[in-house]
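Structure first, then comments.
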Amino acid sequence: MMEGHSNELGRANTLKKGGLRPIPVIIANEVSERIVSASVTANLIIYLTTKYHLGAASSAIIIFVYQAAANFLPVCGAIVSDALLGRYLMVTLTLFSCTTGTFILFLTSLIPKLTPPDCGLSNQGCTSPSPLQLFVLCASLGFMSLGASGVRPCCLAFAEDQIAHWDEAQKDRALRGLFSWYYVSVGFAQIVAVTILVYFQDQVGWKVGFGISAAVMLSITLVNLAASPFYVKMKPQRSIWISLLQVVVVSLKNRHLVLPKTYQSAQFHNASGLRELVPSEKMRFLNKACILRYHATNVSDGAGRTNSWNICTVEQVENLKSALSVIPMWSAMIMTFLIQSSSFGVLQAATMDRRVGTKKFQLPAGSISIFEIITFTIWSGCYDRYIVPFLRRITGRQQVLTLKQRMGIGVSLSIASMLVASAVETYRRKVAVKGGLRHDAKGTLEMSVLWLAPQYVIIGLAGAFSSIGQIEFYYAVLPKSMGSFVLALLFFGAGVASIIATLVIKAINLITGRNGMAPWLSNNLNEGHYNYYYFLLAVLGAIDLIYFIVCSYVFDERTQNMSLETSGDAKEMVEFQG
């Protein structure tokens, strides 16, 4: 939610601060964090299995926990930024945290005592990591997660702060350009991460690869400090999250109140200067937070101001209702996040022939996701400009796909990606067995790594439909004042998916590894059955698709607020827009 103008934003002051000049540095803050995070995530499973001698399942669990933290913490970071620290201080502190994390990870590759000794030539007698070594590793990932907590939710909003004092027409033009450059920059960061940095990690060595990441973060942290005098720094104000919490608290406080059958004689608290609104009939219990008729006392703080912890506005109540109403649709999309992050393609690619185009160049195993990123970027960039007009000409309709339909296509494509992944892994395993490599986890197959490309292309399309569809859907049905809530929902959904993925992996290996049998997610891909795992995800995705269809039919995008015209007896039904 955009913060209001403060007294510090006078004309004389804004001539020296803010504007377009500091925005490239702000965007570079997030681009740097994304580059480092994506490059580490892309190749981390190789680092854990080769340097720390962890199993594939254990490595995946560590990665899922790291991803969950990196997605959950931005929600907390948004709250702390809005309510306590402000965006500049939050971004600055978390940049330092991310820099600390990357340097610790760099030290694990530099100092031999921070990782177990190398295995013998026969790959036997590998030493497990000590508690101290695991602690240092987890500390590095923890600091990087804290870095994501402030940089990701705050940078775009902080960039908007720099032009908040402009007139509306000028600001609108600048915001359109800002959003375009932001998404292009984030896509560029992903591509750089899984190509250049992963290549250095794979071909030159972990020391150089992680050292470059540490140097990038240190450089941008210092640049951000140097640019500090040129920033417009808004003071923190009440967060939307605090506002939602207040509605819950006040509703519980007033739980003994009896709501009238009709609202004709009831009075409700509205923000000063706004038209009188009556809360909608859905989730009536929450209406107790804003009813005035039974609140003659205890609604002010003693200074004449309304205490929001004693009574809330109708707008606050309706914001919470809007947030709760999209939860079923949000929950139906969690499975797509789980599928998109649950591929073991990096480990599969490490066993395959990775020569592409020429015998001298080998695609790093960690760069296999480049097919997903390029597909996502190209489709996202072309959809509105080229694909939609083409579909309009074919169908003759102005709206060719609704937002719900785009999200449903994303769910369906996620299922398709797992079916393709299962088929490819079945064939890869068959080639390994025929080649006598069933018990050789490090043998290279006579099978091109490009066999993995189709599943990543489909995952990229699924992400383009589901993620962007979600963003536009939430922006369409939620009040405008809840704009920051949209990205938080995406981050939170991805975090929940990571936790569920961890539980699924543990359950699969516990169940399938009984009686001395090799579990599906065995450390040796050729002995395991990763194809069964992918097929199971496809089945779970199909169940989720049914749940999504039910939620789509049940969800009602219309709101039912009434506006009470103060200058007459007529009461007009209007749409609540926040």
*asked:* On the basis of being hydrophobic (A, V, I, L, M, F, W, C), assigned to a helix (DSSP H, G or I), modelled with pLDDT under 85 and open to solvent by 10 Å² or more (accessible area, probe 1.4 Å), does Val75 make the cut?
replied: yes
_Restricting to the stretch 410-452, name every residue that is within 14 Å of Gly528 (Cα to Cα), of a type in the set (Gly, Ala, Ser) and part of a helix (DSSP H, G or I)._
Ser422, Ala432
_Report every pair of residues separated by at least 6 positions or lying on different chains whose Cβ atoms are under 6 Å apart, first residue within the stretch 150-170 and over 20 Å from Thr92 (Cα atoms), second assigned to a helix (DSSP H, G or I)._
His165/Thr14
*Quick check: anything in the stretch 479-502 touching a Lys or Arg at 6+ places or on another chain (Cβ under 6 Å) and within 14 Å of Ser343 (Cβ to Cβ)?*
no
*Which numbered condition Glu30 misses (of (1) more than 22 Å from Val91 (Cα to Cα); (2) at pLDDT 85 or above; (3) of a type in the set (D, E, K, R))*: (1)
*asked:* I need the full set of residues from the stretch 143-165 which are in contact with a Gly (Cβ under 8 Å, 6 or more places away or on another chain) and open to solvent by 30 Å² or more (accessible area, probe 1.4 Å), in order please.
replied: Phe143, Leu146, Pro153, His165
_Condition check: surrounded by fewer than 21 Cβ atoms within 10 Å (Cβ to Cβ) and of a type outside the set (Ser, Thr, Tyr). Does Phe548 satisfy that?_
no
*Can you tell me how many residues in the stretch 159-197 are touching a Ser or Thr at 6+ places or on another chain (Cβ under 9 Å) and part of a helix (DSSP H, G or I)?*
13
*asked:* Considering only residues that are open to solvent by 60 Å² or more (accessible area, probe 1.4 Å) and in contact with a Pro (Cβ under 8 Å, 6 or more places away or on another chain), which ones fall in the stretch 179-213?
replied: Tyr199, Gln203
_Of the criteria (1) surrounded by fewer than 21 Cβ atoms within 10 Å (Cβ to Cβ); (2) more than 19 Å from Tyr532 (Cα to Cα), which one Ala462 fails_ = (1)
_Is it the case, given these coordinates, that Leu95 is in contact (Cβ under 8 Å) with a residue 60 or more places away in the chain, crowded, with 18+ Cβ neighbours inside 10 Å and outside any helix (DSSP H, G or I)?_
no
*Of all residues in the stretch 348-377, which are surrounded by fewer than 21 Cβ atoms within 10 Å (Cβ to Cβ) and farther than 15 Å from Gly463 by Cβ?*
Asp353, Arg354, Arg355, Val356, Gly357, Thr358, Lys359, Lys360, Phe361, Gln362
_Qualifying positions in the stretch 198-208 - part of a helix (DSSP H, G or I) and more than 12 Å from Ile35 (Cα to Cα)_ = Tyr199, Phe200, Gln201, Asp202, Gln203, Val204, Trp206, Lys207, Val208
*When you look at Val136, is it farther than 26 Å from Gly443 by Cβ, in contact (Cβ under 8 Å) with a residue 40 or more places away in the chain and either open to solvent by less than 20 Å² (accessible area, probe 1.4 Å) or not in a loop (DSSP other than H, G, I, E, B) (or both), yes or no?*
no
*Search result, residues across the stretch 98-112 that are open to solvent by 20 Å² or more (accessible area, probe 1.4 Å), in a helix (DSSP H, G or I) and either of a type in the set (A, V, I, L, M, F, W, C) or at pLDDT 90 or above (or both)*: Thr100, Phe103, Ile104, Phe106, Leu107, Leu110
*Across the stretch 281-312, which residue is modelled with the lowest pLDDT among those that are part of a loop (DSSP other than H, G, I, E, B) and either open to solvent by less than 20 Å² (accessible area, probe 1.4 Å) or aliphatic (A, V, I, L, M) (or both)?*
Ala296
*Only one of Val258, Val278 that is open to solvent by 70 Å² or more (accessible area, probe 1.4 Å), on the phi < 0 side of the Ramachandran plot and modelled with pLDDT of 75 or more*: Val258
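The values are calculated or read from the model by the stated rules, or taken from the named source; none is laboratory data. Note that the coordinates shown come from a computational prediction; the quantities given were computed from them, not determined experimentally. Glycine gets a Cβ as well: all are built from the backbone with ideal geometry, and neighbour counts include every protein chain shown. Please note that ligands, DNA and RNA were not included when accessible areas were found on the heavy atoms of the full protein model with its side chains. Shrake-Rupley method; radii C 1.70, N 1.55, O 1.52, S 1.80 Å.
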